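The values are calculated or read from the model by the stated rules, or taken from the named source; none is laboratory data. These numbers come from a predicted model, not from an experiment. So basically every Cβ, Gly included, is an ideal-geometry build from the backbone, and we count neighbours across all protein chains shown. Areas reflect the complete protein model, heavy atoms only, side chains present, ligands, DNA and RNA absent. Shrake-Rupley method; radii C 1.70, N 1.55, O 1.52, S 1.80 Å.
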Amino acid sequence: MSWFNYYGLIIMAIIMTPNIVYYIGHKDDPADRCKNKAVEVAEQIGRYGCLALMIFNIPYTYFNFWFDHALIVYLSVNGAFLLAYTVFWIVFWNADGLAKALALSILPSCVFLFSGIVLANIPLIAFAVLFAVFHIYISCKNAKR
């Protein structure tokens, strides 16, 4: 894999599509209710870091697939995560609550973390951990209100 990860671009498109469609149709929903700016900034740093590093491979910071048949594992496991994510979006489309918050925050976190591990992409792993911790926290806080 070169500096551009086509698979990562497709994965990001699949993750972003239901989010964009949902927010276009639910513009009147209140924005995030978490009022802790430091937490929000940390989540956004993690989010945009993951988004960029899923698509662009920075030389000398990733080591590509490090075991036999890793591409098959990468595509299969991420495919399963994305299928589950899409199904949960459909199931929880007009619902609210902790189950929706957990499902729709844990699954993309797993995609980012798994991708970083399989690609041996150290910065992606770091951003994925940052994103996961704060995204799950914010999602749970918003669901409880």
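Among the residues in the range 75-98, are any crowded, with 17+ Cβ neighbours inside 10 Å, over 16 Å from ILE15 (Cβ atoms) and in contact (Cβ under 8 Å) with a residue 60 or more places away in the chain? No, because not a single residue in the range 75-98 is crowded, with 17+ Cβ neighbours inside 10 Å, over 16 Å from ILE15 (Cβ atoms) and in contact (Cβ under 8 Å) with a residue 60 or more places away in the chain.
Considering only the range 55-62, I want to know if a residue exists there that is at pLDDT 95 or above and either within 17 Å of the chain's Cα centre (by Cα) or over 18 Å from ASN5 (Cβ atoms) (or both). Checking the range 55-62: at least one residue is at pLDDT 95 or above and either within 17 Å of the chain's Cα centre (by Cα) or over 18 Å from ASN5 (Cβ atoms) (or both). Does LEU104 qualify as being crowded, with 16+ Cβ neighbours inside 10 Å and in contact with a Ser or Thr (Cβ under 8 Å, 6 or more places away or on another chain)? Spelling it out, LEU104 is indeed crowded, with 16+ Cβ neighbours inside 10 Å and in contact with a Ser or Thr (Cβ under 8 Å, 6 or more places away or on another chain). Among residues that are under 19 Å from ILE10 (Cβ atoms), open to solvent by 30 Å² or more (accessible area, probe 1.4 Å) and of a type outside the set (S, T, N, Q), VAL129 is not included.
Is there a residue being of a type in the set (Phe, Trp, Tyr), open to solvent by 80 Å² or more (accessible area, probe 1.4 Å) and without any contact (Cβ under 8 Å) to a residue 24 or more places away in the chain anywhere in the range 49-61? Yes - at least one qualifying residue is present in the range 49-61.
For the range 107-126, what are the residues that are in contact with a strand residue (DSSP E or B) (Cβ under 8 Å, 6 or more places away or on another chain) and open to solvent by less than 50 Å² (accessible area, probe 1.4 Å)?
SER115, LEU119, ALA120, ASN121, PRO123, LEU124
CYS34 - would you say it is buried (at least 17 other Cβ atoms within 10 Å of the Cβ) and part of a loop (DSSP other than H, G, I, E, B)? So CYS34 passes the test.
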